[in-house]
Ligand code: HAM
């Protein structure tokens, strides 16, 4: 019986697992340098954690959540994103007693989207969050960190930063009314899907990728004209600060992000090198969300990036790991071989053994592999408690006592 993998999932092996681990190591290092603490949360949560906070009309909640009733009567969802689980965990574990709280996490997310290049149903995210600061310096720290991480991992890729502000939560409500009226006046030109959102959540129309919706959205009243002076001031300060960090950005007034919890600054790092799934990293401010989830009424800001999308743009020029290939002539030398393996293991010397007893075949296999040394055990070596080292780069050979292995192989 041959069982296929689930559509939209993928296995990680060879270079892809190396890239994954490299990303993980870099994130952990960079995160810790700036005092972000690592947090892991379960991959499933109670469904109510996601449905309202992400927005009942967001694509994620409408079409993409993997939700099920467990064998009891609880409704559970495989996490489609990390921000709400992180907030839930910070509240459950009383981590918000000291703010600002800076957290990062890495792990799999699940969304039932139509799979295509760069879009999966199980994918991995890197996630950074700051809970408890309304200072634009928090946005600045996160955007600078994101920029640094992306440029370290994919230095040659053309990446652009899109920036917008949605203003404060109360302004947003006012703007939504203005937007609803505008879309209502143009409803005949909108897609059926967007028409259904005119009154319930017009911001989602700005997020539509359908050609005629985009045309109407481009002429819609912009949010910047409806936000408070304080929001404008903060946004301008952030823009100036980004300039002083030499980080280029483009203002995109239609950038609203796909989830409902955002207000204030929103941003996305995009690339032209990936086709239609062009967003590498996205995030923003979500003041009000922590309170909505039962925590204190404190602000929050963060971002997430897709590991697979970054990985697809990373080079595969990994240094070959050197190791020893074992070549044994005869099954009767097994006990002698066990002593050699014990020595290699005790001294953390990397080796490979394929359970074959044929020196000629082992040598030709070693020559085609990344091994740099072959340990050969034939009759003569066996009789004298020895082994022969063959250095593959020079062809040089030397017979030594097995107790000398450590001093010969560094
Ligand atoms: P998001 O924009 O939904 O934001 O996802 C962030 C990133 O995850 C995307 O830019 C993309 O790189 C990756 N991603 C999303 N869906 C897929 C998919 N189906 N396959 C492959 N990669 C994907 C969030 O999730 C927010 N929680 C970000 C955030 C954190 N906002 C504030 N804090």
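The values are calculated or read from the model by the stated rules, or taken from the named source; none is laboratory data. It should be emphasised that the depicted structure is a prediction, and the values quoted were computed from it without experimental measurement. Please note: Cβ atoms are built from the backbone with ideal geometry, for glycine as well, and neighbour counts cover all protein chains shown.
Of note:
- Within the stretch 341-380, being touching a residue at least 24 places away in the same chain (Cβ under 8 Å), under 15 Å from residue 329 (Cα atoms) and part of a helix (DSSP H, G or I) holds for 359, 362, 363, 365, 366, 379.
- If you go through the stretch 1-18 and keep only what is over 16 Å from the mean Cα position of the chain (by Cα) and away from the ligand (no atom under 16 Å from the Cβ), you end up with 1, 2, 3, 4, 13, 14, 15.
- Hey, residue 309 near the ligand (Cβ under 10 Å from one of its atoms), modelled with pLDDT under 95, in contact with a strand residue (DSSP E or B) (Cβ under 6 Å, 6 or more places away or on another chain) and not in a strand (DSSP E or B) or not: no
- A single entry from 257, 204 fulfils the requirement of being in a helix (DSSP H, G or I), under 30 Å from the mean Cα position of the chain (by Cα), within 16 Å of the ligand (Cβ to nearest atom) and surrounded by 15 or more Cβ atoms within 10 Å (Cβ to Cβ): 204.
- Residue check for residue 394: free of Cβ contacts under 8 Å to residues at least 40 places away in the same chain, over 42 Å from the mean Cα position of the chain (by Cα) and assigned to a loop (DSSP other than H, G, I, E, B): yes
- If the condition is being crowded, with 21+ Cβ neighbours inside 10 Å, more than 6 Å from the ligand (Cβ to nearest atom) and under 15 Å from the mean Cα position of the chain (by Cα), then the stretch 269-287 contributes only 269.
- Residue satisfying all of: in the stretch 288-305; in contact with a strand residue (DSSP E or B) (Cβ under 9 Å, 6 or more places away or on another chain) and closer than 16 Å to residue 48 by Cβ; farthest from the ligand (Cβ to nearest atom) among these: 295
- Strands (runs of 3 or more DSSP E) (entirely within the stretch 19-112) containing at least 1 residues that are farther than 19 Å from residue 284 by Cβ and under 15 Å from the mean Cα position of the chain (by Cα): 101-110
- Subset of the stretch 312-326 [touching a strand residue (DSSP E or B) at 6+ places or on another chain (Cβ under 9 Å) and either within 16 Å of the ligand (Cβ to nearest atom) or outside any strand (DSSP E or B) (or both)]: 313, 322, 323
- Identity of the residue in the stretch 327-356, more than 12 Å from residue 382 (Cα to Cα) and in contact with a strand residue (DSSP E or B) (Cβ under 6 Å, 6 or more places away or on another chain), that ends up modelled with the lowest pLDDT: 353
- Flag if residue 161 is away from the ligand (no atom under 14 Å from the Cβ), at pLDDT 95 or above, part of a strand (DSSP E or B) and in contact with a strand residue (DSSP E or B) (Cβ under 8 Å, 6 or more places away or on another chain): no
- Scanning the stretch 113-124 for residues that are assigned to a loop (DSSP other than H, G, I, E, B) and touching a strand residue (DSSP E or B) at 6+ places or on another chain (Cβ under 6 Å) gives a single hit, 113.
- Per the conditions (1) farther than 17 Å from residue 90 by Cα; (2) surrounded by 16 or more Cβ atoms within 10 Å (Cβ to Cβ); (3) away from the ligand (no atom under 15 Å from the Cβ), the sole criterion not satisfied by residue 60 is (3).
- Of the residues contained in the stretch 43-53, one or more are found to be in contact with a strand residue (DSSP E or B) (Cβ under 7 Å, 6 or more places away or on another chain) and surrounded by 20 or more Cβ atoms within 10 Å (Cβ to Cβ).
- Some residue of the stretch 104-122 being farther than 21 Å from residue 11 by Cα and out of contact with any helix residue (DSSP H, G or I) (no Cβ under 6 Å at 6 or more places or on another chain): no
- Number of the exception - residue 138 against (1) surrounded by 16 or more Cβ atoms within 10 Å (Cβ to Cβ); (2) more than 14 Å from the ligand (Cβ to nearest atom): (2)
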